[in-house]
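Novice: One structure coming up, written as C-alpha cells, with questions to follow.
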Amino acid sequence: MKILHTGDIHLDSPFAGLSPDAARQRRSDLRAAFSDMIAFARQQAVDLVLIAGDLFDKIYVTRDTIALLCREFASLHCPVVIAPGNHDPADDKSIWNKKIFPDNVHVFTTTELSCFSFDTLHCCVYGYAFQNASLHTCPLEGKTVKDPAKINILCAHGDATSPISTYGPLPAGVLETFGADYCALGHFHNPENATAALTVPGAYCGCPEGRDFGETGVKGAVLVTLEKEGNDAALDWKRIRFCRKVYEHRTLQLDGTAEQADVESALCAMLQETGFGADVLLRVTLTGSIDPGLSIDTAALAAMETNLAALEIRDATMPTWNAQFLQNDQGIRGEVYRLLLPKLEDADPTVRETGRNALRYAMAALSGEELPTL
C-alpha cells in the first residue's frame, strides 16, 4: 500500500512578524502546499493519508480553511486519518468533535490509544489525540498491536527524543514493544535528527512549508510504500517537496572591510555563489571585525535587486579597535572601552549589538569624525 504521511501544517498561522500583505501571502502559501499534497495523493493513487497533528495553528479555524479542507478531503478516494496535536487539540471547543468533514475522514479525539480498521486495506491505524496543549503520559505504554498479521500503523503527534517530554513522550522501548510496521509521527518541523534517532520503522514528516528562519531548508511530506506478507513487512519511504518558499540562512565574513561598497560586493558574490532563486527567503548575518568608522547600511543591502523572494540583513560585526591597546589606555577612549566591555562580551546578542553601536559612536565622536548612523 502507498501512504502519504504529513502533519505540522499549521494552517491559519498568523505570521505575526511580517507585514499584513506578506503574512496574507504566506498563509496562502500554506493552503497551496496543503492542496498540492492532496493533489499528489490523488495522482499517486495513495491508499491512505495520515496527518500526524497540528493541521491547524490554533483550535480556532477560519471558515475559508474549513471549506478548503472539506473540499480537498472529499476529492480523495481513500481514508484520511488525523491525530490532533498540541496546537489543535481535540477539546470541547474544537472542530474535531463536530460532524463537518466527509465520511472518509477519521479523527482520534481522546488521549486513549484507539484504532481505525480498514478491512479492504488489511490495515489498522492506531493513534490518539492531544486534548490540551500538553500531554505528559505515553498512550502506548503497555500496549501492543492487536493483530500482527495486519499492516499496523501508528499515527501520532509526540516526542520520541525525550521520555520526560510534555508533548506526548514516546520512549524507544515503548515504540519497539508496540510493534507498528510504520510510525507516522509529527511534532518536529525540522525532522531529520528526530527521524534518525528512531529505533523503529517510521519517520517524522516535518512541516510542508517553513514559517520562519527556524525552519530552514526544503520542506514537504513523506511518501510511504509498505508491503507485508505474514509477519514480514517491507518498507520504503522518501521525502517529497511541497513548500512554495524555502527559508535559508547564511553568514558573511567581513574582516577588515572599511567601505559600504565592499560589503555590497561581498554580498553580491555570496548571492551568486549560493545560486538561490525566487523561492528563497534568505537571512544573511554579517560577521567579522570591520573599520570602526563604517556603519553598515543594512536597509540598503536588503533593498538590493536580487532574484530572491526576500532578503534580510543582520549586522553582527565588531569594530576593529585594538582591544589590548584600549584596555590599557588610561585616557578617555580606554575608559569608554572598559565601561562598555561587559556589554561587548554579554551572552545576549541584543546587548552586544547595543555595546558595539555605543563604541562606534563614542570613538567617532572622540576622533572628531562624522557620527555614524546607528
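Novice: Quick one, what does Rg over Rh come out to for the stretch 250-374 if you take C-alpha atoms and the Kirkwood Rh?
Specialist: Using only Cα positions, Rg/Rh for the stretch 250-374 is 1.03.
Novice: About its Cα centre, what dipole magnitude does the chain give when the only charges are +1 on Lys and Arg Cβ and -1 on Asp and Glu Cβ, stated in debye to the nearest 20?
Specialist: 920
Novice: Continuing with the same structure: Please give the helix 63-74 orientation as an angle from the longest Cα principal axis of the chain, in degrees from 0 to 90, rounded to the nearest 10.
Specialist: Approximately 50 degrees, to the nearest ten.
Novice: Send over a whole-number figure in Å² for the accessible area per residue of the chain, probe 1.4 Å.
Specialist: 47
Novice: Is the chain best put as rounded, prolate or oblate by its Cα gyration tensor, with a ≥ b ≥ c the root eigenvalues, rounded for a/c under 1.5, and otherwise prolate when a/b is larger than b/c, oblate when not?
Specialist: Taking the square roots of the gyration eigenvalues as a ≥ b ≥ c, the chain is prolate.
Novice: Counting every Cα pair in the stretch 155-216, what percent are over 13 Å apart?
Specialist: For the stretch 155-216, the share of Cα pairs beyond 13 Å comes to 60 percent.
Novice: Still on this structure, I have one more. How much mean residue ellipticity at 222 nm does the chain get from its helices, if each DSSP H run of length 4 or more adds -39500 (n - 2.57) and you divide by all residues, to the nearest 500 deg cm²/dmol?
Specialist: Taken over the chain, the calculation gives -8500 deg cm²/dmol.
Novice: What lysines sit close enough to Lys143 to cross-link, taking a C-alpha to C-alpha distance under 28 Å and skipping anything fewer than 8 places away on the same chain?
Specialist: Partners within reach: Lys2, Lys228.
Novice: Also: Heavy atoms only, probe 1.4 Å: what % of the accessible area of the chain goes to carbon and sulfur, would you let me know?
Specialist: Result for the chain: 50 percent of the exposed heavy-atom area is carbon or sulfur.
Novice: Between 0 and 90 degrees, rounded to the nearest ten: what's the tilt of helix 332-344 against the longest Cα principal axis of the chain?
Specialist: Roughly 0 degrees, rounded to the nearest 10.
Novice: On to the next question. So what is log10(I(q)/I(0)) for the stretch 83-221 at q = 0.11, 0.20 1/Å, when the Debye sum runs over its Cα atoms only?
Specialist: So the normalised log intensities work out to -0.40, -1.30.
Novice: What number in nm² do you get for the stretch 227-323 if you take the convex hull of its Cα atoms and divide its surface by four?
Specialist: Mean projected area for the stretch 227-323: 10.0 nm², to one decimal.
Novice: Would any residue of the stretch 316-360 have its amide N under 15 Å from a label point 7 Å out along Cα→Cβ of Gln253? List them or say none.
Specialist: What the label zone holds, given the 15 Å backbone N cut-off, is 317-318.
Novice: Limiting things to C-alpha atoms, what are the Rg and the maximum Cα-Cα separation (Dmax) for the stretch 31-159, in angstroms?
Specialist: For the stretch 31-159, the Cα-based Rg and Dmax read 14.6, 42 Å.
Novice: May I pose another question? In the chain, with Lys and Arg counted as +1 and Asp and Glu as -1 at Cβ, which of these residues, Pro208, Gly334, Leu359, has the Cα nearest the positive end of the dipole, that is, farthest along it?
Specialist: The Cα lying farthest towards the positive end belongs to Pro208.
Novice: I need the peptides 14-21, 206-213 ranked by packing, meaning the mean over residues of other C-beta atoms within 10 angstrom, with the highest value on top.
Specialist: Averaged packing, sorted descending, gives the order 206-213, 14-21.
Novice: If you average the sequence gap of Cα pairs under 8 Å that are 6 or more apart and divide by the length of the stretch 154-204, what percent do you get for the contact order?
Specialist: 37 percent.
Novice: Let me see the P(r) profile for the stretch 274-331: every Cα-Cα distance counted, bins of 5 Å, each bin given as a percent of all pairs.
Specialist: Percent of Cα pairs in each bin: 4, 15, 20, 17, 13, 10, 7, 5, 4, 3, 1.
Novice: Of the listed peptides 128-137, 264-273, what is their order by residue-averaged count of other C-beta atoms within 10 Å, with the highest listed first?
Specialist: My ranking of the peptides, most packed first, is 128-137, 264-273.
Novice: Bin width 5 Å, alpha-carbon pairs only: give the P(r) of the stretch 1-78 as whole percents, running from 0 to the bin holding the largest distance.
Specialist: 3, 14, 24, 25, 17, 9, 5, 2, 0
The values are calculated or read from the model by the stated rules, or taken from the named source; none is laboratory data. Here the structure is a predicted model, which is why all the values come from computation and not from measurement. All Cβ positions, glycine included, derive from the backbone under ideal geometry; neighbour counts span all protein chains shown. For accessibility, only protein heavy atoms count, side chains too; no ligands or nucleic acids. Shrake-Rupley method; radii C 1.70, N 1.55, O 1.52, S 1.80 Å.
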